[in-house]
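Asker: The structure's right below; bear with me while I get my questions together.
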Amino acid sequence: MAAFLDGVACTPGRGGHSGAVEAARLAFRCRRALSRTLGLPGDPGRIAFMHNATHALNTALWGLLGPGDVLVISQYDHNAVLRPAHHLSRDRGVGVRMLSGSPDGGVDLEEAATLLDGASVLVANVASNVLGTLLPMRELSRIAHDAGAVVVADVAQSAGHSVESPATQGADVVAFTGHKGLLGPQGMGGLWAREGIEVDPLLSGGTGGDSRNREMPAAMPDRLEAGTGNSPGMAGLLAGCAFLRDTGVGAIHGREMALKARLRDGLDCIAGLQVLSPPGPEGVPVVTVKADGMDSASLAGRLDSEYGVQTRAGLHCAPEVHRILGTTESGAVRFSLGWASTQEDVDAAVAGVAQLLRPVSVPVARAG
């Protein structure tokens, strides 16, 4: 990113000079790297850059659904889906149906088939940001396609962690963010749409070409990329994808999941602590817990201030998951692992929680 700002600092498609041409090459290389990392087939130009997964999901939902259409969501969804769904229902007359979840991260496929009957779009949160579990994407995609629905995959939590391609699993549209498993900077994300799936633009504005046309261009990615994009962010995201390519997503994920098992096992042995994330080798590297007698904000705050362990407390922008878990009032504390996490980090986190929840002995007054 520093090299781009120092040596190029231009915008793709905004001029024919050498700087603009180099910026356009960077944008293409980033799209191509993303298509390879995420396993997205076809033209890399089907990837449109956006600010984050929230921007991408809003674009997909508002761009695919009209009055009278039916959207199927689930209790595992993030507010990046729950809030647009609410507004689409209120402002555009879109019907919204919610697939039930469970504490083990599973879904009832028969219920899914019932809800998808007559539906236009299914949104599937590939990996829960609270439980760390995966949805059965192939089965859900098959049911959705049999019902004639478009499948939108939210891969914010799984991109860069899972070797599975969302497109291979049946997704027609994929929304991603760059700042998590893809190891890019904040403020970068995107939306991919399979050939033949047309998404109406959320924003209108300049694209650098076809300037006399009052309509947004028909061709991707210009159709969804109004205004000046985040070129330094593209440089950073390209570097993140290069690291994933050189190191191997599978190798990183295997190491992260081994650390997750160590963390979960250690936390599970602490009296007064409830581990909410189910055990098992599948999923993404997050472990969420609830402490008896200590609210989530206090536990997270003390872990940070006293032990240098940074966690996320509260409802994690996923209130329906906490409704399933019964933690709507108390919230929970989420530990997240990544490519740079170590066994020492895990052991320090476990030791910190154990110390904070250690029973305090009360002195007994003696007669005399």
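Asker: Specify which residue in the list Gly272, Ala313, Ala33 is farthest towards the positive end of the charge dipole of the chain, using unit charges on the beta carbon of Lys, Arg (+1) and Asp, Glu (-1), about the Cα centre.
Answerer: Toward the positive end, the furthest listed residue is Ala33.
Asker: Which ³J(HN,Hα) values in Hz, rounded to whole numbers, follow from the phi angles of region 288-295 under the Karplus curve 6.51 cos²θ - 1.76 cosθ + 1.60, where θ = phi - 60° and Gly and Pro get x?
Answerer: 10, 9, 9, 9, 6, x, 9, 5
Asker: On to the next question. Report the antiparallel proportion of the DSSP beta bridges in the chain as a percent, rounded to a multiple of 5. Walk me through the numbers before you get to the answer.
Answerer: Working: 20 of 35 bridges.
The answer is about 55 percent antiparallel.
Asker: Hey, another quick one. Keeping all protein chains in place and using 1.4 angstrom, which order do Thr228, Thr37 fall into by accessible surface area, from largest down? Numbers along the way, then the final one.
Answerer: Details: Thr228 105, Thr37 40 Å².
Largest accessible area first, the residues go Thr228, Thr37.
Asker: Compute the relative contact order of region 10-68 as a whole-number percentage, counting only Cα pairs closer than 8 Å that sit 6 or more residues apart in sequence. All intermediate terms of the calculation are to be shown ahead of the outcome.
Answerer: Numbers: 29 pairs, mean separation 10.5, N = 59.
Relative contact order, region 10-68: 18 percent.
Asker: Further question on the same structure: Provide the per residue accessible area, probe 1.4 Å, for the chain, rounded to a whole number of square angstrom.
Answerer: On the way: 16670 Å² over 368 residues.
With all protein chains present, the chain gives 45 Å² per residue.
Asker: In degrees, nearest 10, range 0 to 90: what is the angle between the Cα axis of helix 79-92 and the longest Cα principal axis of the chain?
Answerer: Its long axis makes an angle of about 50 degrees.
Asker: Compute log10 of I(q)/I(0) for region 39-94 with the Debye formula, placing one identical point scatterer on every Cα and leaving out solvent, at q = 0.23, 0.27 Å⁻¹, to two decimals.
Answerer: -0.94, -1.09
Asker: Follow-up. Quick one: grab the alpha carbon gyration tensor of region 94-172, order the square roots of its eigenvalues as a ≥ b ≥ c, and give me rounded if a/c is under 1.5, else prolate or oblate depending on whether a/b is larger than b/c. Working shown, then result.
Answerer: Working: a/c = 1.88, a/b = 1.33, b/c = 1.42.
Since a/c reaches 1.5 but b/c is at least a/b, the shape of region 94-172 is classed as oblate.
Asker: OK, next. Based on a Kirkwood Rh over C-alpha pairs, give the Stokes-Einstein translational diffusion coefficient of region 48-162 at 10 °C and viscosity 1.306 mPa s in µm²/s.
Answerer: Details: Rh = 14.1 Å.
Translational diffusion coefficient: 112 µm²/s.
Asker: Now a separate question. Report ³J(HN,Hα) in whole Hz for each residue of region 332-348, in order, from the Karplus equation J = 6.51 cos²θ - 1.76 cosθ + 1.60 where θ = phi - 60°; Gly and Pro get x.
Answerer: 8, 10, 10, 9, 10, 10, x, 4, 9, 5, 10, 4, 5, 4, 4, 5, 5
Asker: For the chain, build the charge dipole from Cβ charges (+1 Lys, Arg; -1 Asp, Glu) around the Cα centre, then report which of Leu356, Ala23, Leu61 sits farthest towards its positive end.
Answerer: Ala23
Asker: Tell me, what HN-Hα J-couplings in whole Hz come from the Karplus equation 6.51 cos²θ - 1.76 cosθ + 1.60 at θ = phi - 60° for each residue of region 242-257, using x for Gly and Pro?
Answerer: 5, 5, 4, 5, 6, 8, x, 4, x, 5, 5, 5, x, 5, 4, 6
Asker: Say each of Ala340 and Ala242 gets a label point 7 Å from the Cα, pointing the same way as Cα to Cβ; how far apart are those two points in nm?
Answerer: Using points 7 Å along Cα→Cβ, the separation is 1.8 nm.
Asker: Can you figure out the FRET efficiency of Ser305 with Asp200, using R₀ = 56 Å and their beta-carbon distance, to the nearest 0.05? Don't jump to the answer; show the numbers that get you there.
Answerer: Working: r = 48 Å, r/R0 = 0.85.
So, using R0 = 56 Å, E works out to roughly 0.75.
Asker: Would you check the accessible area of Glu164, probe 1.4 Å, heavy atoms only, in square angstrom rounded to 10?
Answerer: We get 80 Å² for Glu164.
Asker: In whole percent, how big is the carbon plus sulfur part of the accessible area of region 232-304, probe 1.4 Å, protein atoms only?
Answerer: Details: 1680 of 3050 Å².
About 55 percent, which is the carbon plus sulfur part of the accessible surface.
Asker: Once all Cα-Cα distances of region 229-299 are split into 10 Å bins that start at 0, what whole-number percent is in each one?
Answerer: P(r) for region 229-299, in whole percents per bin: 17, 32, 24, 21, 6.
The values are calculated or read from the model by the stated rules, or taken from the named source; none is laboratory data. None of the values given here were measured: they were computed from a predicted structure. Positions of Cβ are generated from backbone atoms using ideal geometry, with glycine treated the same way; all protein chains shown enter the neighbour counts. Ligands, DNA and RNA are excluded from the accessible area calculation, which covers all protein heavy atoms including side chains. Shrake-Rupley method; radii C 1.70, N 1.55, O 1.52, S 1.80 Å.
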